[in-house]
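The values are calculated or read from the model by the stated rules, or taken from the named source; none is laboratory data. Since the structure is predicted, the reported quantities are computational estimates derived from the model, not experimental observations. Note: ideal-geometry Cβ built from the backbone for every residue, glycine included; neighbour counts use all protein chains shown. With ligands, DNA and RNA removed, areas are computed over all heavy atoms of the protein, side chains included. Shrake-Rupley method; radii C 1.70, N 1.55, O 1.52, S 1.80 Å.
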Amino acid sequence: MSLNQAQWNQQSLCGRWTVEDVVAHLTAAASVGALRWLVSVLGTRFDFDLHNDRRLAEYRGATPDETLDRFRRVITSRTSAPGPTVAWLGEVVVHAQDIRRPLGLSYIPAVETLTEVARFYARRDFTVPSRSTIKGLRVEATDGPFSTGDGPLVSGTTLALTMAMAGRRVYCDDLTGPGAATMRERCTT
């Protein structure tokens, strides 16, 4: 697959980054081990935006094809920053959708995978305020076993719930129930 510059410059679902930026971010995540990550974060005095900007500059290619080639070289990497494995699985699931949806590439990960990420996001605010987003709400998947919480019901596919907990507001359009409006208000990119 080769993408033209206009496709790469499309806004991703994760805020200020383009699709190419998200690909570079995933490449960095699969290339920077725990020690190098810690040194980088310390070097930015825990400014994670600056840390990410530096890694993006390092892993973005001179052309979209070069960025994609760099990503392809790390697809099987087992390298990651410190943290729970399910957190990095969440990074892959969420950022893959950040790339796919703007490009019109439809893919739904296995519900078992999504359920693990959704459960992790429901338990804690890690890199996104996922737990805070669903506080006081009953959240139930319509396509799998994920359910959690008490309060007004929010229902949708496991993918839509996971992406909304990750702050992707566009997925709130796929949610229903009396608590959906509250979740949408809390959902930030």
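Could you look through segment 72-95, keep only residues that are of a type in the set (V, I, T) and in a helix (DSSP H, G or I), and pick out the one that is farthest from T162 (Cα to Cα)?
Checked segment 72-95; the qualifying residue farthest from T162 (Cα to Cα) is T85.
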Next on the checklist: Which numbered condition in (1) more than 23 Å from S12 (Cα to Cα); (2) open to solvent by 70 Å² or more (accessible area, probe 1.4 Å) is the only one that R100 fails?
Outcome noted: (1)
Checklist outcome for this item: Among residues of segment 50-71 being in a helix (DSSP H, G or I) and touching a helix residue (DSSP H, G or I) at 6+ places or on another chain (Cβ under 6 Å), the residue nearest to Q5 (Cα to Cα) is P64
Checklist entry - Only one of these conditions is not met by V154: (1) open to solvent by less than 20 Å² (accessible area, probe 1.4 Å); (2) not in a strand (DSSP E or B). Which number is it? => result (2)
Item to check | Unmet requirement for R100, which otherwise passes all of (1) assigned to a helix (DSSP H, G or I); (2) free of Cβ contacts under 8 Å to residues at least 12 places away in the same chain; (3) out of contact with any Phe, Trp or Tyr (no Cβ under 8 Å at 6 or more places or on another chain) | outcome: (3)
Checklist entry - Just checking, how many residues over segment 128-140 are buried (at least 16 other Cβ atoms within 10 Å of the Cβ) and among the hydroxyl-bearing types (S, T, Y)? => result 2
Checklist entry - Which residues, taken from segment 27-49, are more than 23 Å from V93 (Cα to Cα), within 20 Å of the chain's Cα centre (by Cα) and assigned to a helix (DSSP H, G or I)? => result V41
Next on the checklist: Could you go through segment 157-173 and let me know if any residue there is without any contact (Cβ under 8 Å) to a residue 24 or more places away in the chain, among the aliphatic types (A, V, I, L, M) and closer than 21 Å to A87 by Cβ.
Outcome noted: yes
Checklist outcome for this item: For segment 1-52, the count of residues that are free of Cβ contacts under 8 Å to residues at least 40 places away in the same chain, farther than 30 Å from D173 by Cα and open to solvent by 20 Å² or more (accessible area, probe 1.4 Å) equals 9
